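This report refers to the structure that appears directly beneath it.
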Amino acid sequence: EAMKKVVSTAGDTDYISIIYVVKSNKLVGYLKLKTLIVARADEKIKDIMETRLIYAHPTDDKEEVAHLMQDYGNSSLPIVDENMHLVGILTHDDLMDIVASERSEDYAKFAGLIDGEIDLERDTLVDSVKQRLPWLSLLLLLSMLTTLIMSLFEGDMTFSEGAIQLSTKLAIYLPLILDMSGNAGTQSLAVMIRYLTTSKKELAKKAIRKYLLREIGTGIVQGVSIGILIVIIIIVSNWIVSGTLFEYRSVVTALVTGTAVMVALMVSTLLGALIPLVLNKFKIDPAVASGPFITTIADIITLTLYYSISLAILLPLYA
């Protein structure tokens, strides 16, 4: 009888891979179409159906429901009300739509758009400006700190010809250090946001500690590796330009620059992991901390570390 019912309704049904069983309008179980096909004719539905139900409610967050489907590997998910009445079914196609929508929203937030939506047909020029201008204004204020930091070091970098020569050398490697710092912070940020968005709302302190320790370790290994590589590159480039392989000031400059890169990568990696956690603690979507925001913060800290370390060690050699 069940098979006849399925055959009679198959033409009007988009999805029949999983058949849900109801009793008195309440969901009591489910079975796969394959199970129904291979079952004996004298078997009852109650004997072959699964009663361990995974379900969601109409008011549940769609992204959490999508993650629920992925976690249990279900090709569909029943939607029930508070009385376990079946009110709908979420299929694999619906899941794909939710994932695509979530990805688009994350891209928008990564770009700093407040409402997290991109609609080329609906959004006007004014809408685009309203979405982007607040974050750009905030980043402008943060970037002013970079200018302030540079002005604080200006006196030390211009009081003598040697200091001016040192400031020129430092400026050569500054874009490299800032880029590496920003890239390391963005990588760590992406990993932490991915962890937060795929985990439950209430995060275990032990799990957070584990991820933070891993990111700190990653920052140390990356910092040391890139720092050593930077030292080699600077020494070789100076050798090509000057013809002297181990000129004292050049070697010290390479070591200081490599050390600054190493510290900058460590700090940026830690920042990339911490900022999403802080925002998540204050119930703010961690995706809004992405991209330009973490890069600007990393630039401020990296710039301060780079010039502080360099001037403390190298300035006496050039004075």
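Data for the structure
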| quantity | calculated |
| --- | --- |
| Residue count, the stretch 225-258 (criterion: farther than 20 Å from ALA163 by Cβ and assigned to a helix (DSSP H, G or I)) | 17 |
| Filter result for LEU136 (under 23 Å from THR304 (Cα atoms), modelled with pLDDT under 80 and of a type outside the set (S, T, N, Q)) | yes |
| When residues of the stretch 23-42 are limited to those that are touching a residue at least 12 places away in the same chain (Cβ under 8 Å) and part of a strand (DSSP E or B), the one nearest to ILE79 (Cα to Cα) | LEU27 |
| Test: LEU265 is modelled with pLDDT under 85 and not small (Gly, Ala, Ser) | no |
| Per-region count, the stretch 43-53, residues part of a helix (DSSP H, G or I) and in contact (Cβ under 8 Å) with a residue 12 or more places away in the chain | 3 |
| Residue in the stretch 54-73 that is nearest to LYS23 (Cα to Cα), counting only those that are part of a loop (DSSP other than H, G, I, E, B) and out of contact with any helix residue (DSSP H, G or I) (no Cβ under 8 Å at 6 or more places or on another chain) | TYR55 |
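The values are calculated or read from the model by the stated rules, or taken from the named source; none is laboratory data. Only a predicted model underlies this, so the values are computations on that prediction, with no experimental measurement involved. When we count neighbours, we look across all protein chains shown, and the Cβ atoms used for this are built from the backbone with ideal geometry, even at glycine.
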